[in-house]
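Heads up: the structure comes next, in structure tokens.
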Amino acid sequence: MSRRDILEYPDPRLRLEASPVTVFDTGLSELVDDLLETLQATKAVALSAPQVDDARAVLVMNPDQGWAPHVYVNPEILSKSAWGLVEESCLSLPGVVGNVVRATELRVRAQDRDGQSFERDLSGLAAVCLQHEIDHLVGKLFVDRMTVFQKLRFHAFAGKRARRRSRAA
Ligand code: NI
């Protein structure tokens, strides 16, 4: 197991669409273990494979207090309800916080690391995180879902940071 580096905005690899997992082998298990180790090390709530530069449709979450992580391979949302405005942040967008509209209740179908299918109902933080991570699997970032006003603020912030970086380089 090893901790992986996390890609940060505006890395174009964050915009790629992940491929469905068809092979459930030790390579997949290693990816899942690395995602879990990276999630634990960063103390984030959730993490997707594309964020560590792996184009497979895999995500992990630890939405509860304590360490009881969920693993979702090839996740697919079956139904959504109870929409609300929620505050989000992202390991790939350090320092950015914004409000987006998400369902706070949903049903998901996915596979585990052995390829076993399961369905689960999620609500609250777990439901919101799952939608955020599934967005990563299709190259979408939560800033894409913010209001126009928040997007303008974000681009001003990102531009300032990029200029700071290029001066330091
Ligand atoms: Ni994220």
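Rounded to the nearest 10 degrees, the inclination of helix 26-42 to the longest alpha-carbon principal axis of the chain is 50 degrees. The apolar share of the surface of the range 12-168, taken as the fraction of accessible area on carbon and sulfur atoms (1.4 Å probe, ligands and nucleic acids excluded), comes to 51 percent. Taking a ≥ b ≥ c as the square roots of the eigenvalues of the alpha carbon gyration tensor, the chain is oblate, as a/c is not under 1.5 and a/b does not beat b/c. For the range 74-137, the per residue solvent-accessible surface stands at 47 Å², with DNA, RNA and ligands left out and a 1.4 Å probe.
Give me the net charge of Ala162's neighbourhood, meaning all other residues with Cβ under 13 Å from the Cβ of Ala162; Lys, Arg count +1, Asp, Glu -1.
Details: positive: Lys160, Arg161, Arg163, Arg164, Arg165, Arg167; negative: Glu8, Asp11.
Taking every Cβ under 13 Å from that of Ala162, the sum is +4.
Considering only Ser123, Val100, Leu59, the residue lying farthest towards the positive end of the dipole of the chain is Val100, judged by Cα position with unit charges set on Cβ. Can you give the helix-only mean residue ellipticity at 222 nm for the chain, where every DSSP H stretch with n ≥ 4 adds -39500 (n - 2.57) and the sum goes over all residues, rounded to the nearest 500 deg cm²/dmol? Result for the chain: -10000 deg cm²/dmol, rounded to the nearest 500. Shown here for the range 53-127: chymotrypsin sites (Phe, Trp or Tyr not before Pro) in loop regions (DSSP other than H, G, I, E, B) with at most 13 other Cβ atoms within 10 Å, namely Trp67.
The values are calculated or read from the model by the stated rules, or taken from the named source; none is laboratory data. Predicted model only: the values in this text are computed from it and were never measured. Glycine gets a Cβ as well: all are built from the backbone with ideal geometry, and neighbour counts include every protein chain shown. When the accessible area is computed, the model is the full protein with side chains, heavy atoms only, and any ligands, DNA or RNA have been set aside. Shrake-Rupley method; radii C 1.70, N 1.55, O 1.52, S 1.80 Å.
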